[in-house]
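Notes follow once the structure below has been shown.
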Amino acid sequence: MSDYDILDHAALADSLGTRAFRYVASAASTNDLALAWLREGAPHGAIVIADEQTAGRGRLGRLWHTPPGVAIAMSIILRVTVDTAPLVMMAGALAVCERCDALGLPAGIKWPNDVQVSGRKICGILPEAVWQDEKLLGIVLGIGVNVRMAFADDLKDTAASLEPLAGVPVQRAPLIVQLHTSVMGWLVQSPHAIHIAWRQRLQTLGQRVTVNALNGIAEGVQTDGALLIRDDHGVLHSVLAGDVFLEQG
Ligand code: BTN
């Protein structure tokens, strides 16, 4: 941990004020803790934060690394309706883009929700839902931000950290508050406004892509976040999850 970036219960209590939160120095996954708290009755907007994750989860069953002192691992509990559910990941990505803007870093979104600066991923987002029978109890919005993570050579072209890019010290506690405020602010906007803002940030549109072995032009997105790909036979496909690979050259 750097001496100007203390992340502990006292620092967070100071920054988060009356917001409901739980902090642990080390968690397997903040999403797991938040999913449990959601089931126990946590209020809308409650947050779980860890300095380190030992079994952080990424999309599509991947691992997400959060060593101590170098990243943000936070999960926001959102008591939203089924209609609003797709907007949650959009609000998360938009909130991170706005913090990049504030640091002078031009940010965009690689579908569905990787926030990138200069084509390198600085943040991953993992929404997970909790259902009781047919009823959605809520969604946990997991946000992982690389603040001063060092990357091995094989990842240097695809991943980056905010602090070295911005060239200024970044403190995690205030950044967590700003991200939380921004997510909650987006979620009281109209679905249309959220969708339009997310779409404007999407760098994938108009590009030739491969997703789930499907190759074509990323032509648009649906309101549920699905990517629309036009294949070379002119057929339009809707893809709800997957990794986008851009055609090289
Ligand atoms: C991705 O694959 O891009 C999504 C990564 C999401 C990581 C965050 S860190 C906080 C929260 N807890 C987890 O276990 N995962 C999410």
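Every read-out reported here was derived from the displayed coordinates using simple, explicitly stated rules and does not represent laboratory data. Worth saying up front: this structure is predicted, and the values here are computed from it rather than measured. Counting neighbours? That spans all protein chains shown, and the Cβs are built from the backbone with ideal geometry, glycine included.
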Query - 20 Å Cα-Cα reach of K110 towards lysines, excluding residues that sit fewer than 8 places from it in its own chain - result: K121, K156
Report task. Would you mind checking the tilt of helix 191-201 against the longest principal axis of the Cα atoms of the chain, expressed as 0 to 90 degrees and rounded to 10? Result -> 80
Requested in this report: Order these peptides, 24-34, 56-66, by their mean beta-carbon neighbour count within 10 angstrom, highest first.
Outcome: 24-34, 56-66
Report task. Would you grab the residues whose amide H sits under 5 Å from the one on D243? Only those 5+ places off in sequence or on another chain, please, with H modelled 1.01 Å from N. Result -> N212
Query raised in the report: For region 151-167, what does the Karplus curve 6.51 cos²θ - 1.76 cosθ + 1.60, with θ = phi - 60°, yield as ³J(HN,Hα) per residue in whole Hz, taken in order and with x for Gly and Pro?
Result: 10, 5, 3, 6, 10, 4, 7, 10, 10, 8, 10, 4, 4, x, 5, 6, x
**Report entry** By average C-beta atoms within 10 angstrom, highest first, the peptides 101-111, 73-83
**Finding:** 73-83, 101-111
Query raised in the report: Once the other residues with Cβ under 12 Å from the Cβ of A218 are scored (Lys, Arg +1; Asp, Glu -1), what is the net sum?
Result: +1
Query raised in the report: Summing -39500 (n - 2.57) over the DSSP H runs of n ≥ 4 in the chain and dividing by its residue number, what mean residue ellipticity at 222 nm do you reach, to the nearest 500 deg cm²/dmol?
Result: -8500 deg cm²/dmol
Query raised in the report: What does the charge count near L7 come to, summing +1 for each Lys or Arg and -1 for each Asp or Glu among other residues with Cβ under 9 Å from its Cβ?
Result: -2
Query raised in the report: So how tilted is helix 85-102 from the main axis of the chain? Cα-based, degrees 0 to 90, rounded to 10.
Result: 70
Requested in this report: Using Cα pairs closer than 8 Å and at least 6 residues apart in sequence, work out the relative contact order for the chain, in percent.
Outcome: 18
Query raised in the report: Label H192 and D153 with points 7 Å out from Cα along Cα→Cβ: what is the distance between them in nm?
Result: 5.3
Report summary line: Taking alpha-carbon centroids only, region 46-113 lies from region 169-209 a number of Å equal to 10
